[in-house]
Amino acid sequence: MRLVASAVAALGLVAAVAGTASADEPTGITFWQADFSGQSVTYDASTTGCTTLPFVVHSEFNNSDASFDLYTTPDCSGSALHIPATDLHSFLNHDVQSFTRD
């Protein structure tokens, strides 16, 4: 019975923390070196102009209401992958090196 009470209390704490987590989460776009693993970097959604990434990336989480264009070149030239707002995506066949806010 004591174990059940402890489990219920723990679940209540997890639910309380999960309910407030969205206010503490960073907004913007986060990039990962691999498929949501390896090095990561987060940029504010208000980032403008061409931004060269510090390493080649293969996945992203766009936790913002902005959309972005991702490029396989370091200077935002050539064709782009368009990433809409609130998008979670991996692109293992593309070596993304830069981005612009759409």
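Report the calculated FRET efficiency for residue 47 and residue 93 (r = Cβ-Cβ distance, R0 = 22 Å), to the nearest 0.05. Before the final figure, lay out the partial values.
On the way: r = 25 Å, r/R0 = 1.13.
Efficiency, rounded to the nearest 0.05: 0.30.
Taking 0.36 nm per intervening residue step and subtracting the Cα-Cα distance, what contour gain separates residue 40 from residue 86 on full extension?
Answer, rounded to one decimal: 14.8 nm.
Carbon and sulfur atoms: what percent of the 1.4 Å accessible area of the stretch 28-101 do they account for? Before the final figure, lay out the partial values.
Working: 1770 of 3660 Å².
Carbon-and-sulfur percentage of accessible area, whole number: 48.
Using amide H atoms built 1.01 Å from N in the peptide plane, name the residues 5+ places from residue 68, or on other chains, whose amide H lies under 5 Å from its own.
Residues meeting the amide H criterion: 83, 102.
I'd like to check one number: the per residue accessible area of the stretch 28-101, probe 1.4 Å, reported in Å² as a whole number. Working shown, then result.
Working: 3660 Å² over 74 residues.
On a per-residue basis, the stretch 28-101 sits at 49 Å².
For the stretch 28-101, just list the percent of Cα-Cα distances falling in each 10 Å bin from zero outward, please.
23, 63, 14
Given H placed on each backbone N at 1.01 Å, which residues far from residue 98 in sequence or on other chains put an amide H within less than 5 Å of it?
The list, which skips near neighbours in sequence, is 53, 71, 73.
The values are calculated or read from the model by the stated rules, or taken from the named source; none is laboratory data. Values in this document were obtained by computation on a predicted structure and should not be read as measured data. With ideal geometry, Cβ positions are generated from the backbone for all residues, glycine too; neighbour counts draw on all protein chains shown. Ligands, DNA and RNA are excluded from the accessible area calculation, which covers all protein heavy atoms including side chains. Shrake-Rupley method; radii C 1.70, N 1.55, O 1.52, S 1.80 Å.
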